[in-house]
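To start, the structure itself, in C-alpha cells.
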Number of protein chains: 2
Amino acid sequence: MAIKAIIIGGGAAGASAAARARRWSQDADIRLFEAGSMITHAPCGIPYYVGGVVGDASMLKTYSPSEFGKRRNIDVHVNARVTKVDVIDKEIRVLEGGSENTYEWDRLIIATGAKPSVPRMEGVGLKGVYTVRIPDGAPEIKMGLEGASNVAVVGGGYIGLEMTEAVRRSGKRVLLFEALEHVLPTTFDDDVAGILHEELRANGVELHLSEPVLRIEGRDRVERVITEKGSYPIDAVVLAIGVKPDVDLAIEAGARIGETGAVHVNEYMETSVPDVYAAGDVAETRNMLTDKRAWIPLAPPANKMGQVAGANSVSPRSLKFPGVLGTAVTKVFGYYAARTGLVDSQALHEGYTIESRPIKTRSTAEYYPEGETIHIKLTVEKDTGRLLGGQMVSRDKIVAGYIDLIAAFVTFNARIDDIFFSDLSYSPLTSPVWHPVITAARVLSHGRF
Amino acid sequence: MAIKAIIIGGGAAGASAAARARRWSQDADIRLFEAGSMITHAPCGIPYYVGGVVGDASMLKTYSPSEFGKRRNIDVHVNARVTKVDVIDKEIRVLEGGSENTYEWDRLIIATGAKPSVPRMEGVGLKGVYTVRIPDGAPEIKMGLEGASNVAVVGGGYIGLEMTEAVRRSGKRVLLFEALEHVLPTTFDDDVAGILHEELRANGVELHLSEPVLRIEGRDRVERVITEKGSYPIDAVVLAIGVKPDVDLAIEAGARIGETGAVHVNEYMETSVPDVYAAGDVAETRNMLTDKRAWIPLAPPANKMGQVAGANSVSPRSLKFPGVLGTAVTKVFGYYAARTGLVDSQALHEGYTIESRPIKTRSTAEYYPEGETIHIKLTVEKDTGRLLGGQMVSRDKIVAGYIDLIAAFVTFNARIDDIFFSDLSYSPLTSPVWHPVITAARVLSHGRF
C-alpha cells in the first residue's frame, strides 16, 4: 500500500516537504493543504512589493498551486483550512470550497509556519493597523499605506526595518519605534546597530529608540500612537514586533511544545507524536554552536527542515537536520547588514568568556577607486580562540558572501589561526590584499600574525 | 646579543616577514633589501594602472620605504641589489648607491619573488615588447602602449586577461593569443572559460585560441606577430605567458630547489640550508587538498608565508604555514571569475574519480529585479561526496565572497551534505532562497535533497 502523506501548510517548509517526499517515493499518496491562495510563497519579499520594487504580489511565489501539483504529482489544495487533526484515526478535517472534507494519513507533516505577534495593547484592532504575514495580505497593506502620510513602524527587527525603508522610499514620513536600545536588538550588538541608526536618520526616518508604544488611539481608524515620551499623530501603523509559531494544530495533535514555544522536534523532524512531523517556522530546532534548543524562523532553514521531514515521512529516519546558526542578511537603505552565530551580547548571555574587536576595512585594494568601508566584528571564545559569530555592515553587497564564509567557519569550529591561514581570494577590485575576514581575525591574534 | 635578520626582497612576502619579525622581537636587528625603488608593492594593480583606473603607479604600494622603516624600526634599503649570499660566513654583499657593502646575518629570508617567463622565441627583445613585473616598470609599459594601435597579448592567464582588458578599454585593437584551447587554461575548466570567451569577443577582443605565437618580427621595434595560422601586423606586444620563481640567490645559497622549480621549504618556511628561510613567490608550498608540493604565486599566500618566515626567523618554529588551494578571483570585462581547489581537469589529472555539474542560478530572488546569472560548478569526489574545488562566473561581484566560502568548505573537508545543511544567509536582494552554493551542491546529491 502506498504511504499516505499529508502536509499542512504550503510555505517554504511545506512545499519543500511535499516535493522531497515525492522525490523519495514515486508511489506515495501526497496531499498538501494551504489555508491561503498561494503556495511556495515568499513572505520575505513583501516589503519589496510594498516599496514598489516588486511590481505584483503574485510574483512572490515560485510556483502556482496547479503547476506545482502537476509537475510533482501532488494533490494540492489551496484555500483549504485544516480544522481538526485526529491522531487516533489518523485523519484531518478540512474546510474547503464551503464544505468540510476528511482525509486519511499515515504520516502527517505540520508546516503551519509563524504568524505576527500582536501586542496586547489598546488600538491594535483599529483600521490602518497592519501586520506583515503572507503575500495574500500584501496588496491590502500596500493600498492601506498608500493613503497614509504619517506612518509608524513598531519594532526594529528585520521586517520592521525593511518595511520602514519600503514606506520611507515612497516619500512618507516614517516614525520607527523600538522598545529596546537599538534596532535589530536580538540579533546584532549595539555598536554595529549604531551604524544603521545613522543610515536610518540620514534617510529621514524618525528613530525612536528605547520607546515602547503604549497604545494606539483613534475612533475607527488609527489617529495617534502613544508612548511614555509623547503622542504622535499617525495615519497608519505597521506592527512588526516579531512572529510566533502557529502551533494551534500541533497542540491539537498532542505534540509537545518546546521551551521556545515552537513544536519540539528531533533531528529527524519527528514530533513527540508517532508519524507526525513538524518543519519550518512552526518547529524549534537546535543551535549548532551551543547545542541548545533554538527557534529562528527564517526561510532557508525552513526549506531544509521541509526537505528532511518530507524525505523521512516516506522513508523514516533517512535524513537529519543539523540545526541553525541564525545566519541572516538584510538591507537598510544603502547598507547591507549581516550576522551569524553568537554576537557579543548573545555569547555573554550564554556564559562564554569572549573577545571581540570591531574593525573597519575596505571592499577593494587601497589604491583601487570605488572601495566601500566594511565594518566587521568577530566574536571569539577567549581561551580557545574559537569563532562564535560575526557581524558585518557595508554598502558593498559582498558582506552577504562573507557572512556565509563566517558561518562556515563557525560550523567547522574554526579558530583564529584557521581563519588567518585560510586561502581566500584576492583581486584589487574585490578586496584588500589582506582579506576583510582575515583582518578581522588577525586583530584578535594578539600580534601573533 | 640581538638576532640579525636579513630579508631579501620588499614585496608582499619580504615586507610581511620584516614586519612580523619586528612584532615578535623588539630587539632584533632587521634589515630589508629591495632591488627596486618601492617596497610593499602591489604588482596585481599594474593592469589597473595601465588601464587608467589607478591614476599613478606610485599608488601601487602600501608604504613608502622610509615610512615603513620608521614605523617598524627596520633598516630598509631600496635600489639595493644583493649580489652574493654567503652561508658559511653568514653575510650578503649588496650593490647600492654605487658601492658594494657587506652585511652579516644570523637568519636570512629569501623573498625574491617571481619574474615573468620570457619564451625562447625570436623577437622578444624588440622594442615594444613588454612583460608585467613590478610597479617600477609600469609607467614604461603604459607609455609604450599609449603609442600603439594594434596590441598583441600573449597568454590568457590572469595577467594576460587583465592586460587585455586594460588595453582594450583604451580603445585599441587587441589580439589575445593563447596557445591552449581556452583562457585560464591551467586554473579553470573549458566550459567555464567558454563563458569568458563570449565576453571577450563581445568586448571586441580578437581571440586566438590554440594558436601559439611562433615569433615576433620587426627591424628594431615589433612589427608583426607570427603564428602557424598567420602573420598579424602589431605595434606592441605584452608577454604574459606566466611567471617563474626568481631562485638565483637561493641557488647560490645552496638551497634545495623543489619539483616545482621553486625553493623547497617545510611548513616553517625553512629551506634546506640552516637559518635560511624562503617565502612568497620564490618558495613552493603544499596543496592543502592533495598534500602535494605546489607553487601558486599569488599575493595572499605570499603575505602569509612572509609572516610565518618572519616570526620563525626571530623565534624558530613558532608558526606553521598550512598551504594553499589556489583560490583566486579576477575580472574579465563585465564578468568576475573565481576558482578554488581542484577543478575537473586538475582533479582528473590527480587521479580522482569525480562528479561535477555546472549550473546557472541567480544573484537575487526570482521575483527581485536586477538579478544577475551566476554560473557555478563544484567538483566532488564521486565515492565520498567530498568537495574538491569550485568555479564561478558572474557579473555580480558576490562570487568573490562565495568562492571564499567554497574554499573554506574545501579546507574543512566538507561533503555535499555539509554544504547543503550549512546555514547560509538569505535576503531577496542578495540571493535566491536556495543559496547558489547550496544549489550547486544539491544537484550533485542524486535527489537526496
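Here, each number is a calculation from the coordinates, and none is a lab measurement. Quick caveat, the model's predicted, so the values are computed rather than measured. All Cβ positions, even for glycine, are placed from backbone atoms using ideal geometry, and neighbour counts span all protein chains on display.
Here are a few things to note about the model shown:
- Cβ-based net charge around B:ARG448, under 10 Å, with every Lys or Arg adding one and every Asp or Glu removing one: +2
- Inter-centroid distance (Cα atoms) of the range B:418-438 relative to the range A:291-360, Å: 12 Å
- Measuring how big the range B:334-442 is from its alpha-carbon positions, Rg and Dmax come out at 13.4, 43 Å.
- Between A:LEU95 and A:GLU370, the C-beta separation translates, for a Förster distance of 60 Å, into a calculated FRET efficiency of about 0.60.
- Trypsin sites (Lys or Arg not before Pro) within the range B:338-394: DSSP coil, no more than 14 neighbouring Cβ in 10 Å: B:LYS382
- Within the range A:1-153, the proportion of C-alpha pairs whose separation exceeds 25 Å stands at 39%.
- The range A:1-63 - Rg (one decimal) and Dmax (whole number), Cα, Å: 14.4, 50
- Stokes-Einstein diffusion coefficient of chain A, Kirkwood radius over Cα pairs, 4 °C, 1.567 mPa s, in µm²/s: 56 µm²/s
- Computed log10 I(q)/I(0) for the range B:86-174 at 0.16, 0.24 Å⁻¹: -0.79, -1.31, from the Debye equation with unit scatterers placed on every C-alpha and solvent omitted.
- Separation of the range A:244-271 and the range B:64-85, taken as the distance between their Cα centroids, equals 67 angstrom.
- Rounded to the nearest Hz, the phi-derived 3J(HN,Hα) couplings of the range A:219-230 under the Karplus curve 6.51 cos²θ - 1.76 cosθ + 1.60 (θ = phi - 60°) are 6, 10, 9, 4, 10, 9, 10, 10, 10, 5, 8, x, where x marks glycine and proline.
- Chain B: antiparallel DSSP beta bridges as a percent of all, rounded to 5: 60 percent
- Once the mean of 1/r is taken over each pair of separate Cα atoms and inverted, the protein assembly as shown shows a Kirkwood hydrodynamic radius of 29.7 Å.
- Between copies, A:ASP56 shows label-point distances of 5.5 nm, shortest first, with the point placed 7 angstrom from Cα along Cα to C-beta.
- Here the Gaussian network model covers chain A, with springs between Cα atoms less than 10 Å apart; of A:THR330, A:THR384, A:THR439, A:THR384 fluctuates the most.
- Relative contact order computed over the range A:127-225 (Cα-Cα under 8 Å; 6+ residues apart), in percent: 26 percent
- Here A:ARG317 yields copy-to-copy label distances, from shortest upward, of 4.9 nm, the label point defined as 7 Å from Cα along Cα to C-beta.
- Too-long pairs where the Cα-Cα distance tops 24 Å, listed order kept, from B:LYS84/B:LYS244; B:LYS331/B:LYS360; B:LYS4/B:LYS115; B:LYS61/B:LYS142; A:LYS61/B:LYS397; A:LYS115/A:LYS304: B:LYS4/B:LYS115; A:LYS61/B:LYS397
- Inter-copy label distances at B:GLU198, using a point 7 Å along Cα-to-Cβ, come to 4.2 nm with the shortest given first.
- Distance between the modelled labels on A:ARG219 and B:ARG201, one decimal in nanometres: 7.2 nm (7 Å Cα→Cβ projection).
- Per-pair calculated FRET efficiency, R0 = 45 Å: B:ASP191 and B:MET143 via Cβ, rounded to 0.05: 0.70
- Residue with peak Gaussian network fluctuation, chain B [Cα springs, cutoff 10 Å], from B:PRO316, B:PRO116, B:PRO47: B:PRO316
- Counting Cα-Cα pairs of the range A:118-241 in 10 Å increments starting at 0 gives whole-percent bin shares of 14, 49, 32, 5, 0.
- Note that the range B:319-334 has calculated 3J(HN,Hα) couplings of 10, 10, 9, x, x, 10, 10, x, 5, 7, 9, 9, 10, 10, 6, x Hz, one per residue in order, obtained from phi through the Karplus relation 6.51 cos²θ - 1.76 cosθ + 1.60 (θ = phi - 60°); glycine and proline are x.
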